[in-house]
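Peer 1: Submitted below is the structure of interest, expressed as structure tokens.
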Amino acid sequence: MSRIPLATGAELEVLGDHCQHLRLTRVVQLLPTLLEQAAQQELSYSDFLQTVLATEVAAKQEKHQALRVQMARFPFHKTLDAFDWKAQPSIDPKVIKELATMRFVANGANALLLGPPGVGKTHLSVALGLEACRLGLRVMFTTAAALITTLGKALYENRLEERLKLLTQPKLLIIDEIGYIPIDRQGANLFFQLVSRRYERGAILLTSNQSLGAWGDVFGDAVIASAILDRLLHHATTINIKGDSYRLREKRKAGLMRSAVTPQSEG
Ligand code: ADP
Ligand code: MG
């Protein structure tokens, strides 16, 4: 069988230099292998070029995705594949799968996951956030408490405008755990400013253990709570999750607990 001669050491070096110059970092690493494979498979020029470029594109996409995931600051990495839909019949998987297309993000709409502790709100919000990263979107994950602390600090340091701008940049802002910690008047005001800024411009995905009717108490002010909800709900998918805590269910299954446990006793 006639074989196309492989590149000499000197040729490889020149090719390597060109790749470095163009920052084709994955191609540099794989150059001898790519050449070897092209020769073995007797690839056409265009197939070879396609393989080389696709290798680099895939590497760059992986790198950027990893960077987006890192920048999003998720508390853990759990995916939709790891979600047990049968264990959570109150959620229609189709609705979550529609959210996972990120059309709502493209439309600057919102999504609310409501339900008691342990039913998978954070898991789903992280999984959707990871999906957004995979689709090339900038995401930021925060808890309501951390967000309000950050905004309060920025106000104190006279840098609120700067901070609000930063929080407007990610295409998807995930705000977890609204309702666990009461929010004071200043916090409610700052939260309102953020929601107004992002209204119809950037998507918010938020989770709450409180029903929307109880948000007046969460924000300590019914007027501001309804102003926040008015903007959030204008274009929104609301998912009400019911049922027992998955954490407790797992413990129960392992025989560590009896079934009559109130959710409040959960850590
Ligand atoms: P919440 O935010 O609603 O309090 P989490 O999302 O933190 O609940 O879920 C608690 C734990 O149970 C997490 O480890 C999560 O991955 C897991 N979990 C909850 N629901 C499910 C489910 N239906 N399938 C798989 N894991 C689940
Ligand atoms: Mg949670």
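The values are calculated or read from the model by the stated rules, or taken from the named source; none is laboratory data. Since the structure is predicted, the reported quantities are computational estimates derived from the model, not experimental observations. Here Cβ is always computed from backbone atoms with ideal geometry, including for glycine, and neighbour counts include all displayed protein chains. Surface accessibility is based on the protein's heavy atoms, side chains included, excluding ligands, DNA and RNA. Shrake-Rupley method; radii C 1.70, N 1.55, O 1.52, S 1.80 Å.
Peer 1: Has the stretch 152-161 got any residue that is surrounded by fewer than 18 Cβ atoms within 10 Å (Cβ to Cβ), small (Gly, Ala, Ser) and within 16 Å of ligand 1 (Cβ to nearest atom)?
Peer 2: No, that holds for no residue.
Peer 1: Starting from the stretch 120-132, keep only residues that are under 15 Å from Asp84 (Cα atoms), then list their pairs with residues that are of a type in the set (Ser, Thr, Tyr) and open to solvent by less than 30 Å² (accessible area, probe 1.4 Å) whose Cβ atoms are within a distance under 7 Å, requiring at least 6 positions of separation or different chains.
Peer 2: From residues that are under 15 Å from Asp84 (Cα atoms), the pairs are Lys121/Thr207; Thr122/Thr207; Ser125/Thr207.
Peer 1: Can you say whether Gly213 is open to solvent by 70 Å² or more (accessible area, probe 1.4 Å), more than 16 Å from ligand 1 (Cβ to nearest atom) and closer than 27 Å to Val95 by Cβ, as far as the supplied structure shows?
Peer 2: For Gly213, the condition - open to solvent by 70 Å² or more (accessible area, probe 1.4 Å), more than 16 Å from ligand 1 (Cβ to nearest atom) and closer than 27 Å to Val95 by Cβ - is met.
A quick yes/no check of all residues on (1) under 22 Å from Leu130 (Cα atoms); (2) within 16 Å of ligand 1 (Cβ to nearest atom); (3) not small (Gly, Ala, Ser):
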{"residue": "Glu42", "(1), (2), (3)": "no, no, yes"}
{"residue": "His77", "(1), (2), (3)": "yes, yes, yes"}
{"residue": "Ala82", "(1), (2), (3)": "yes, yes, no"}
{"residue": "Asp92", "(1), (2), (3)": "yes, yes, yes"}
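Peer 1: Give, as residue ranges, the helices (runs of 4 or more DSSP H) completely inside the stretch 1-90 that count at least 1 residues that are surrounded by 13 or more Cβ atoms within 10 Å (Cβ to Cβ) and in contact with a strand residue (DSSP E or B) (Cβ under 9 Å, 6 or more places away or on another chain).
Peer 2: 45-72
Peer 1: Being over 30 Å from Ala87 (Cα atoms), assigned to a helix (DSSP H, G or I) and touching a Lys or Arg at 6+ places or on another chain (Cβ under 6 Å), is that true of even one residue in the stretch 160-177?
Peer 2: The answer is yes; a qualifying residue exists.
Peer 1: Follow-up. In the stretch 91-116, what residues are open to solvent by 40 Å² or more (accessible area, probe 1.4 Å) and in a loop (DSSP other than H, G, I, E, B)?
Peer 2: Asp92, Thr101, Asn107, Pro116
Peer 1: In the stretch 135-147, how many residues are open to solvent by 30 Å² or more (accessible area, probe 1.4 Å) and within 12 Å of Ile181 (Cα to Cα)?
Peer 2: Selection size over the stretch 135-147: 3.
Peer 1: While we're here: Name the single residue that is modelled with the highest pLDDT among those in the stretch 239-261 being farther than 30 Å from Phe104 by Cα and open to solvent by less than 80 Å² (accessible area, probe 1.4 Å).
Peer 2: Ranking the candidates gives Leu248 first.
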